[in-house]
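Everything on this sheet refers to the single structure shown next.
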Amino acid sequence: MHISEFDFFLPAELIAQFPPERRRESRLLHINGATGTLADRMFTDFPELVRAGDVLVLNDTRVIKARLFATKDTGGKVEVLIERVLDSHHALALLRASHAPKAGSFLRVDDDTGLLVEAREGDLYRVHLRAGMPLLEWLEIHGSLPLPPYIERAPQALDEARYQTVYATRPGAVAAPTAGLHFDEDMLATLQENGVVLARVTLHVGAGTFQPVRVEDVRQHRMHSEWYEVPEQTVAAIEQARARGGRVLAVGTTSLRALEAAAASGTLTAGFGETNLFIVPGYRFRVVERLLTNFHLPRSTLFMLVCAFGGINTLKHAYAHAVEMRYRFFSYGDATLIERAPQ
């Protein structure tokens, strides 16, 4: 399975740099993986595309202010990206500096506080916060929102709200589960009034979501690991929906990966843990039948996932159509609703 199979032409001007004025004002490309048909819609049409008894699974992770700018004792500058909070004063972080900091180095963020580098763990560093407050609280004061690398501007005030879903409650992500950015409270209320069941999972999105695939044979790629939880209530909601003929719609690839990871044994099971599930064409889906997601990068693991879900030829055709029709791509861009291809 060669990386070139997942390439496509994307003009740079189609990469959305700002969100639409209102959350629900995006466009929606409806992709049928069974028939290969496409339909150009607006996201305001979404309630018409789900029915009473369906389950909508949302990822309730919240983006933390994970980016920091620090100074080493030598005076060298270090950019810090908190990858994962381990406890109230420890985290794993990506460090960018002209010379890699050594264990024992202190990364000063202001006059009184900063991070002590304890050890290197692969591409990451274990760091210890030297401050009298919890790490998440400290990051709110000293950190900045880690917008994706393809958004070529500094974070602005509008991003504080718009780079979070309206249902984000559990801090821990360094990137937003962007399919959920299209929903506002009114639409979620309308869906519930229409008999759609809203269920939640948590998957704390890591910076590895932007990691390029550096191997020619994609099956040799190793996914980054992310923490997830699937609650008992969500498992029960899905089981009840199945019993009455309802469908499971994952809002975002993160929700899908959490559900499929929790069903790795063959049965969807509540619990929490780490997942490095890498989904490529040939994967057999156990839980999810419909997927709402944004448009993804060429050659990315997320584009491979949607190709596995909707069929590689169908998705390549859909993305070519999206480019022709000037859809907006990536985090602040437009959405796709994909019906799963036959397995």
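Every read-out reported here was derived from the displayed coordinates using simple, explicitly stated rules and does not represent laboratory data. None of these values were measured; they are calculated from a predicted model. All Cβ positions, even for glycine, are placed from backbone atoms using ideal geometry, and neighbour counts span all protein chains on display.
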* Asked: Which residue, K65, K102, K316, has the most motion in a Gaussian network model of the chain that connects Cα atoms within less than 10 Å?
  -> K102
* To do: Mind giving me the nanometre distance, one decimal, between the label points for E160 and Q17, set 7 Å out from Cα along Cα→Cβ?
  => 2.3
* **Relative contact order (%) - the chain, alpha-carbon pairs under 8 angstrom, separation at least six** => 26
* In Å and whole numbers, how far do the C-alpha atoms of the chain stretch along each principal axis, longest first? -> 61, 41, 41
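May I ask you to derive the FRET efficiency for A236 and T74 from their Cβ-Cβ distance with R0 = 45 Å, giving the value to the nearest 0.05? Could you put the intermediate results ahead of the total?
On the way: r = 56 Å, r/R0 = 1.24.
The computed FRET efficiency comes out at 0.20.
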* Structure fact -> Fewest-first ordering of E140, E83, E226 by Cβ atoms within 10 Å yields E140, E83, E226
* trypsin sites (Lys or Arg not before Pro) within region 121-223, DSSP loop, no more than 15 other Cβ atoms inside 10 Å -> R153, R214, R222
* **Computed lengthening from R41 to R219, 0.36 nm per intervening residue step minus Cα-Cα distance** => 60.6 nm
* **Dipole-positive endmost among P148, T169, G104 within region 75-199 (Cβ charges, Cα centre)** => G104
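Given contacts defined as C-alpha pairs under 8 Å and at least six residues apart, what's the relative contact order of region 161-252, whole-number percent?
Working: 77 pairs, mean separation 26.6, N = 92.
Answer for region 161-252 is 29 percent.
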* Which residues' amide hydrogens lie under 5 Å from the amide hydrogen of R27, considering only partners 5 or more residues apart or on another chain, with H built in the peptide plane? -> F43, A335
* **Where only alpha carbons of region 67-142 are counted, the Rg and the Dmax (Å)** => 11.0, 30
* In degrees from 0 to 90, rounded to the nearest 10, what is the angle of the helix 232-243 Cα long axis to the longest principal axis of the chain? -> 10
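How much mean residue ellipticity at 222 nm does the chain get from its helices, if each DSSP H run of length 4 or more adds -39500 (n - 2.57) and you divide by all residues, to the nearest 500 deg cm²/dmol?
Details: 7 runs with 68 residues, N = 343.
Taking each H run of at least 4 residues, the total per residue is -6000 deg cm²/dmol.
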* Nearest-ten-degree value, helix 253-262 long axis tilted from longest Cα axis of the chain -> 90
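Considering only the chain, what is the antiparallel percent among its DSSP beta bridges, to the nearest 5? Walk me through the numbers on the way to the answer.
Details: 45 of 65 bridges.
Looking only at bridges with both residues in the chain, the antiparallel portion is about 70 percent.
Give me the number: length gained by fully extending Y150 to D112, i.e. 0.36 nm times residue separation minus the C-alpha to C-alpha distance, one decimal in nm. All intermediate terms of the calculation are to be shown ahead of the outcome.
Numbers: separation 38, 0.36 × 38 = 13.68 nm, distance 3.33 nm.
Additional length available on full extension: 10.4 nm.
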* Asked: Roughly how many debye, to the nearest 20, is the charge dipole of the chain about its Cα centre, given +1 on each Lys and Arg Cβ, -1 on each Asp and Glu Cβ, and no other charges?
  -> 560
* **Net length gained if the chain between Y283 and M325 were fully extended (0.36 nm per residue, minus Cα distance)** => 12.1 nm
* Asked: Of I31, A70, V80, whose Cα points farthest to the positive end of the dipole of region 1-135 (charges on the beta-carbon: +1 Lys, Arg; -1 Asp, Glu; origin at the Cα centre)?
  -> A70
* Asked: Once both axes come from the Cα atoms, what is the angle between helix 312-324 and the longest principal axis of the chain, in degrees from 0 to 90, rounded to 10?
  -> 80
* In whole Hz, with x marking every Gly and Pro, tabulate ³J(HN,Hα) for region 334-339 from phi via Karplus 6.51 cos²θ - 1.76 cosθ + 1.60, θ = phi - 60°. => 7, 10, 10, 10, 10, 8
* Structure fact -> Sorted largest first, the C-alpha extents of region 100-249 along its principal axes in whole angstrom are 58, 42, 33
* Asked: Using θ = phi - 60° and the Karplus form 6.51 cos²θ - 1.76 cosθ + 1.60, what ³J(HN,Hα) does each residue of region 32-48 get, whole Hz, x for Gly and Pro?
  -> 9, x, 7, 10, x, 7, 10, 9, 7, 10, 10, 5, 4, 7, 3, x, 6
* To the nearest Å, what is the center-to-center distance of region 123-164 and region 1-75, using C-alpha atoms only? -> 21
* **Top positive-direction residue, dipole computed over the chain with Cβ charges, set H2, A335, T269** => H2
